[in-house]
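Here is the structure we will look at, set down as structure tokens.
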Amino acid sequence: MTSPPAVTIRLAPGKDRPLTVHQLNELLLICAVVLLVAVAAVRISSRSGLPSLLIYLGIGIALGQDGIGKVAFDNAELTQVIGYAALVVILAEGGLGTKWKEIKPALPSAVVMSTVGVAVSVGITAAGAHYLVGLDWRQSLIIGAVVSSTDAAAVFSVLRKVPLPARLTGALEAESGFNDAPVVILVVAFSTTGPVDTWYALIGEIALELAIGAAIGLAVGWLGSLGLRSVALPASGLYPIAVMAIAVTAYAAGAMAHGSGFLAVYLAAMIMGNSKLPHWPATRGFADGLGWIAQIGMFVLLGLLVTPHELLDDIWPAVIVGLVLTMVARPASVLVSLFFFRTPLREQVLLSWAGLRGAVPIVLATIPMVAGVAGSDQIFNIVFVLVVVYTLVQGPTLPWVARRLRIKEAPEAAADLGIESAPLERLRGHLLSVAIPEHSRMHGVEVNELRLPPGAAVTLVVRDGTSFVPLPTTVLRWGDELLVVATDPVREEAERRLRAVGQGGKLADWLGTGGEPVPRAVTRKSL
């Protein structure tokens, strides 16, 4: 038997070497160990409120040439390519988890913050880098553009642990998903041509690319949702793969059409995430796992790329630029963006402090390195130090700032039901798996009080690990899981009725189809 052909990997520019099967085994072992260490480190970050990116960056630095691993890695081009691929996955995962009803009220303000706000932030930060640090205007504009992007991974991981009102969480998540697109365009423009003389031409180019990306993302997301809801795949595991493939298609199509691929993938994923797709819990878990792998791989690689002993000379420039960004540029961008939205001042302060940076600026800092911009190594070092220092400051203190500003989550509302739909193609029906979460107003409702449409019925209840066939008078409780069989024509009406009862209890029909909350004394029956 002949041995497998050797392949090559590029560790550094101009250095190619064959990768044998033995080396592949070693590489797989190292990667597996790094993944396990990174997964274990998530618990530390979840307790401290610190974005996990710092831990992953630390792992990469420890493996690098100044650490215990002594791995020499300086391929900025490879890092940029892998970083882009990871950002596509992270934005797709974030879009799938974004609830339209939460970001809809905040969508106009998020769009303004990710466009007008970015312009304000770039201008002020670039002025600070030029006049206070002494960088030339081209380097200053690149740094201003790079650090003006809030990081989707950092925002998603931190904000979902902080009990903030939905309008603020929605605004920050939408901003982090939208502002990557204009920032990438600015960084590429400044890195390839320097400062643009015709600013209106640059604005027109940004607007055109955003419009193309938005159109393609919405179209791909809508068509993908329609296809997945209409076609019964032979295995449930194919749905998560199809969803991620559709999201990546949106990115690639948007980028190849000279539009914003990052905006396209986020919008396509958001459309699919709000379309009640079959096997949704499995899809959500798969996307979440891919998102973690993308974060770990990207951050470890960025940690490998940096050379710690070269950072010492750029610590104070990074601190100064970070102060300008955090204390002046970000608050000014929020103030200008929300001027006409009548947002309370304390909420503007929180939005200013919650502009978290992460891997996105570090990945974007590789663009001038690949383009050969003079001083690009210093730009990368300043951005790296800035992200690390101010993430250490902002991430853990965000809950404290919210408490000091007396901003907290709205009073407890009825939790939405978790409904998973599995198509039964040959039976021309659907099997709905319904999880009743805590605080759902379906608690205390009898099965016959669900009043499901003809053609739909509750066939099984799982309670405390025990399953049984319910009677019409069976009282449902928090934590129950129901199996509901519905024929194809009444599937949507059955799901709508279940959600209405979950929000409004047995009186949902009298309170409107949206299931408006009713007093608990009415919706909860004693057992």
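Considering only residues in the stretch 115-145 that are of a type in the set (S, T, Y) and closer than 25 Å to L263 by Cα, the one that is surrounded by the most Cβ atoms within 10 Å (Cβ to Cβ) turns out to be S121.
Being in a loop (DSSP other than H, G, I, E, B) and among the small types (G, A, S) is the filter; apply it to the stretch 329-369 and report the residue that is nearest to Q139 (Cα to Cα). Among them, the one singled out is A365.
Here is a yes/no grid of residues against (1) of a type in the set (A, V, I, L, M); (2) not in a helix (DSSP H, G or I):
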{"residue": "L210", "(1), (2)": "yes, no"}
{"residue": "S225", "(1), (2)": "no, no"}
{"residue": "M272", "(1), (2)": "yes, no"}
{"residue": "L277", "(1), (2)": "yes, yes"}
{"residue": "T283", "(1), (2)": "no, no"}
{"residue": "L301", "(1), (2)": "yes, no"}
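Taken over the stretch 457-499, the residue count meeting the criterion of being small (G, A, S) and exposed (fewer than 14 other Cβ atoms within 10 Å of the Cβ) is 2.
Looking for something of a type in the set (S, T, Y), closer than 19 Å to L364 by Cβ, in the same structural domain as V389 (by TED's automatic domain parsing) and buried (at least 19 other Cβ atoms within 10 Å of the Cβ) - is there at least one such residue anywhere in the stretch 317-328? The answer is yes, given that some residue of the stretch 317-328 is of a type in the set (S, T, Y), closer than 19 Å to L364 by Cβ, in the same structural domain as V389 (by TED's automatic domain parsing) and buried (at least 19 other Cβ atoms within 10 Å of the Cβ). Selection of the stretch 452-471 for residues being of a type outside the set (A, V, I, L, M) and in contact with a strand residue (DSSP E or B) (Cβ under 7 Å, 6 or more places away or on another chain) yields G455, T459, S467, F468, P470. Has the stretch 55-63 got at least one residue that is at pLDDT below 85 and closer than 21 Å to P182 by Cβ? Checking the stretch 55-63: not a single residue is at pLDDT below 85 and closer than 21 Å to P182 by Cβ. Would you mind stating whether E93 is outside any loop (DSSP other than H, G, I, E, B) and surrounded by 24 or more Cβ atoms within 10 Å (Cβ to Cβ)? Here the answer is yes, as E93 does meet what is asked. Against the conditions (1) modelled with pLDDT of 90 or more; (2) in contact with a strand residue (DSSP E or B) (Cβ under 8 Å, 6 or more places away or on another chain), V248 satisfies every one except (2).
The values are calculated or read from the model by the stated rules, or taken from the named source; none is laboratory data. It should be emphasised that the depicted structure is a prediction, and the values quoted were computed from it without experimental measurement. No Cβ is skipped: glycine too gets one built from the backbone with ideal geometry, and neighbour counts run over all protein chains shown.
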